[in-house]
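Single-structure report; data block below.
The values are calculated or read from the model by the stated rules, or taken from the named source; none is laboratory data. Remember, it's a predicted structure, so these values are computed and weren't measured experimentally. Glycine also receives a Cβ, built like all others from the backbone with ideal geometry; neighbour counts cover every protein chain displayed. With ligands, DNA and RNA removed, areas are computed over all heavy atoms of the protein, side chains included. Shrake-Rupley method; radii C 1.70, N 1.55, O 1.52, S 1.80 Å.
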Amino acid sequence: MSSSDSSKASGDLLLEMRGLRIEGQSGDEWQEIIKGIDITLHRGEVLGLIGESGAGKSTAGLAAMGYAHPGCRISGGSIVFDGMDLMAASEEEKRKLRGVKIAYVAQSAAASFNPAHKLIEQFAEIPVKHGKSTRDEAEADAKDLYGRLLLPDPDGIGYRYPHQVSGGQLQRAMTAMALSCRPDLIIFDEPTTALDVTTQIEVLVTIRDIVDQFQTAAIYITHDLAVVAQMSDRIMVLRHGELVEEADTDAMMSNPQKDYTKTLWAVRSFKKQATGSYTDSRPLIEVDHVTAAYGPLTVLHDISFEIHRGQTVAVVGESGSGKSTAARVITGLLPPTRGRVLVNGEALPGDYRKRAKDQLRHAQMIYQMADTAVNPRHRIREIIGRPLSFYLGMKAEKLENRIRELLSLIELEPDQFIDRFPSELSGGQKQRVCIARALAAEPEFIICDEVTSALDQIVAEGILKLLDRIQRELNLAYMFITHDLATVRAIADEVVVMLQGRIVEQGPCEEMFTPPHHEYTDLLLSSVPEMDPTWLDQLMERRRAEGAMASTSTS
């Protein structure tokens, strides 16, 4: 978003945080995690907060609501929102603001919704409770916002439970819920992390339109530099709870001043080494003319692809294209209606319950959201130790030694991490633990389902390097489900492009990024945000022009 319009910064001051200090508890001690930063925000202005994992972005954003995570406390400074001193306000006064005047869109939608209530019920709760609308009015508003945010069946999707929609759909439902009371300030905490590139573009445009239409101020927290360039008027770079650099978006993107900021701009240098041809060896995994359905609805249509030992095959496509469904068929969670899955030339039973323990062991999965993939009540030794006991029968000293070996393999110091709970780890550390848990079964094949999408770019690059090193050391095969085409370029040997349950294109990675492409592959590639702050505006202008030309030619 261009910062040439300075009227936003000169408008009414909405939020002012001065000398903000926040502490986190570690054992019996308190350690400072936000170290005296200043944040100001005017009505209608969008502030981007960026930095690596642990920089304090989300902690600072939540402080705008006068809120600190459990185990944290606001220890110093001032927070004034719309003239109200939140440091002096009672909890009751702050509760009346939250969800009404200030709203929050969390990164992990799956962990933020109540699984026992339908989406539309959770949307209507706050506006009805605070007398902003009747139940009927709130439901009508929900349907309107669902439509604006491009959710399928906007009149009906609200009557589903959270588990009945995809992660990307749930994230958009949460954005709609944040808008239910038309707040003065919305804190967006990685709101497009779970979205494919084509959906992300539409949601970003919608968020911008809503911010402009309602003159809503926003704090946009993200690790995606190209996204923050499109969304923000001004950018603040944080590291270790301190301000590194602050500037208007145009200036920050074109000429960062600090070495650390320049380092952020230069990430994603990793590129997997070419591994040569696999045509002479038998595939480890064969998906052979597979069709699959959920009840009467066919969701995969006669798909076929192969994965060889030591090879990474990236499966890309928008939400609902069938990527994760293909993984469910391979793992036996969804038996195919036609076709088969073979491992080393041997056909597997379609239902995982009919597979031998060894057949289960050889295909493991690493999930997108490490937060929801691990049991928060188990220590790391239990999380990694369970598959060692279940699949390999390890006990006592042998079990302990193997857990420590796996922690070392994922580059976490065993003595420091083995007895921690997941809540005591960063996002990148939790994802490493999920990798170790998958490796504990000693598999031949691992499905990586969006494993870097929730991570900042520095941490994500570290995870990709780790997966590449482990693959080379153990000769593993990977199926890499992702909507991040930068990740595809970095790690894939082969690419499979899916649309509406069908494979529309597949081939070696380098060929897939070289024209000519299938029309849908072209759409995916053109939807990858660029660092230029004017990119989104130019893209939408180009697509509107193409749409006008198409309608003219058919009239």
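Within the stretch 317-329, work out how many residues are open to solvent by less than 10 Å² (accessible area, probe 1.4 Å) and either farther than 15 Å from H301 by Cα or outside any helix (DSSP H, G or I) (or both).
3
Inside the stretch 175-190, can you point out the residues that are touching a Pro at 6+ places or on another chain (Cβ under 8 Å) and open to solvent by less than 10 Å² (accessible area, probe 1.4 Å)?
T175
Any residue in the stretch 454-461 that is open to solvent by 40 Å² or more (accessible area, probe 1.4 Å) and hydrophobic (A, V, I, L, M, F, W, C)?
yes
Condition first: over 25 Å from T487 (Cα atoms), more than 22 Å from the chain's Cα centre (by Cα) and either assigned to a strand (DSSP E or B) or free of Cβ contacts under 8 Å to residues at least 12 places away in the same chain (or both). Now tell me which residues in the stretch 231-271 satisfy that.
Selection gives R234, E242, L243, V244, E245, E246, A247, D248, N255.
Any chance the stretch 491-498 includes a residue that's farther than 25 Å from A356 by Cα and open to solvent by 40 Å² or more (accessible area, probe 1.4 Å)?
Within the stretch 491-498 (the criterion being farther than 25 Å from A356 by Cα and open to solvent by 40 Å² or more (accessible area, probe 1.4 Å)), the answer is yes, since at least one residue qualifies.
This table checks each residue for (1) under 24 Å from the mean Cα position of the chain (by Cα); (2) closer than 30 Å to A106 by Cα; (3) at pLDDT below 95.
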{"site": "L333", "(1), (2), (3)": "yes, yes, yes"}
{"site": "T337", "(1), (2), (3)": "no, no, no"}
{"site": "D358", "(1), (2), (3)": "no, no, yes"}
{"site": "R361", "(1), (2), (3)": "no, no, yes"}
{"site": "M365", "(1), (2), (3)": "yes, yes, yes"}
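Residue-wise test of (1) open to solvent by 70 Å² or more (accessible area, probe 1.4 Å); (2) at pLDDT below 90; (3) within 26 Å of the chain's Cα centre (by Cα); (4) small (G, A, S).
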{"site": "A373", "(1), (2), (3), (4)": "no, yes, yes, yes"}
{"site": "E405", "(1), (2), (3), (4)": "yes, no, no, no"}
{"site": "Q416", "(1), (2), (3), (4)": "yes, yes, no, no"}
{"site": "V433", "(1), (2), (3), (4)": "no, no, yes, no"}
{"site": "L439", "(1), (2), (3), (4)": "no, no, yes, no"}
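Any idea which of (1) closer than 27 Å to D371 by Cα; (2) surrounded by fewer than 23 Cβ atoms within 10 Å (Cβ to Cβ); (3) touching a residue at least 12 places away in the same chain (Cβ under 8 Å) is the one G507 doesn't satisfy?
Against the list (1) closer than 27 Å to D371 by Cα; (2) surrounded by fewer than 23 Cβ atoms within 10 Å (Cβ to Cβ); (3) touching a residue at least 12 places away in the same chain (Cβ under 8 Å), G507 comes up short only on (1).
For the stretch 349-371, which residues satisfy the criterion of being under 17 Å from L284 (Cα atoms) and touching a Lys or Arg at 6+ places or on another chain (Cβ under 6 Å)?
P349
Any idea which residue in the stretch 127-167 is modelled with the highest pLDDT, counting only those that are more than 22 Å from D209 (Cβ to Cβ) and hydrophobic (A, V, I, L, M, F, W, C)?
V128
So which residues in the stretch 349-377 are touching a Gly at 6+ places or on another chain (Cβ under 9 Å) and over 22 Å from M479 (Cβ atoms), if there are any at all?
D371, the sole residue that qualifies.
For Q213, all conditions in the list (1) under 24 Å from V100 (Cα atoms); (2) open to solvent by less than 10 Å² (accessible area, probe 1.4 Å) hold save one; what is the number of the exception?
So the condition that Q213 fails would be (2).
Do we have any residue at all in the stretch 301-314 that's farther than 25 Å from R282 by Cα and either in a helix (DSSP H, G or I) or of a type outside the set (D, E) (or both)?
No, the stretch 301-314 contains no residue that is farther than 25 Å from R282 by Cα and either in a helix (DSSP H, G or I) or of a type outside the set (D, E) (or both).
Return the only residue of T192, T198 being modelled with pLDDT under 85, polar (S, T, N, Q) and not in a helix (DSSP H, G or I).
On inspection, the qualifying residue turns out to be T192.
Checking Y391 against (1) part of a helix (DSSP H, G or I); (2) modelled with pLDDT of 90 or more; (3) closer than 18 Å to Y367 by Cα: exactly one of these is not met. Which one?
(3) is the only condition that Y391 fails.
Can you run down the residue pairs with Cβ atoms below 7 Å, 6 or more apart or on separate chains, where the first is in the stretch 142-167 and open to solvent by less than 40 Å² (accessible area, probe 1.4 Å) and the partner is part of a loop (DSSP other than H, G, I, E, B) and of a type in the set (A, V, I, L, M, F, W, C)?
Pairs that qualify, where the first residue is open to solvent by less than 40 Å² (accessible area, probe 1.4 Å) and the partner is part of a loop (DSSP other than H, G, I, E, B) and of a type in the set (A, V, I, L, M, F, W, C), are L145/L179; I157/L151; I157/V165; P162/F113.
Scan the stretch 378-385 and give yes if some residue there is more than 25 Å from N475 (Cβ to Cβ), part of a loop (DSSP other than H, G, I, E, B), touching a Ser or Thr at 6+ places or on another chain (Cβ under 9 Å) and not basic (K, R), otherwise no.
No, the conditions are met nowhere in the stretch 378-385.
For the stretch 166-181, indicate whether the set of residues that are more than 16 Å from the chain's Cα centre (by Cα), in a loop (DSSP other than H, G, I, E, B) and more than 27 Å from L225 (Cα to Cα) is non-empty.
yes
Can you name the condition, by its number, that A173 falls short on among (1) in contact with a Ser or Thr (Cβ under 9 Å, 6 or more places away or on another chain); (2) in contact (Cβ under 8 Å) with a residue 24 or more places away in the chain; (3) aliphatic (A, V, I, L, M)?
(1)
Answer with yes or no whether G131 is in contact (Cβ under 8 Å) with a residue 60 or more places away in the chain and more than 30 Å from Q500 (Cα to Cα).
The answer is no for G131.
Can you name the residue in the stretch 277-316 that is among the hydroxyl-bearing types (S, T, Y) and within 22 Å of D493 (Cβ to Cβ) and, of all such residues, is surrounded by the most Cβ atoms within 10 Å (Cβ to Cβ)?
Restricting to residues being among the hydroxyl-bearing types (S, T, Y) and within 22 Å of D493 (Cβ to Cβ), the top hit is T312.
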